Amino acid sequence: MKVRVSVDEDLCTACALCYDELPEVYEDRGDGIAKVRDDIGGDGAIVEGELAERVLEITEECPSGALITEVIEE
């Protein structure tokens, strides 16, 4: 599986769920708001395999709906 990941920073409430649970994909941009790590491609990065499945789970758990995850390959 492959997914494209991004964060709607306007919706993010800085709850830290995503970067606490998946620091390999998300990080704090400095003010608590989440962003996709630059070293994996930043906003719009593509992640694969088990990591992609974990991203989908965290996307569902995000209380503000700020995580945007698009499945691009099943």
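Per the listing GLU27, GLU48, the residue uniquely acidic (Asp, Glu) and closer than 19 Å to VAL71 by Cα is GLU48.
Restricting to the range 36-60, name every residue that is farther than 17 Å from GLU74 by Cα and either among the aromatic types (Phe, Trp, Tyr) or loosely packed, with under 12 Cβ neighbours inside 10 Å (or both). Write out each step before concluding.
We begin by selecting, within the range 36-60, every residue farther than 17 Å from GLU74 by Cα; these are 36-44, 58, 60.
Correct list: ASP38, ASP39, GLY44, GLU60.
Take the residues of the range 1-35 that are of a type in the set (A, V, I, L, M), in contact with a Ser or Thr (Cβ under 9 Å, 6 or more places away or on another chain) and closer than 15 Å to ILE46 by Cβ: which is surrounded by the most Cβ atoms within 10 Å (Cβ to Cβ)? Only one residue tops the list, namely VAL5. In this structure, ARG4 does satisfy being in a strand (DSSP E or B), within 11 Å of the chain's Cα centre (by Cα) and at pLDDT 95 or above.
The values are calculated or read from the model by the stated rules, or taken from the named source; none is laboratory data. Note that this is a predicted model, so its numbers are computed, not measured. Please note: Cβ atoms are built from the backbone with ideal geometry, for glycine as well, and neighbour counts cover all protein chains shown.
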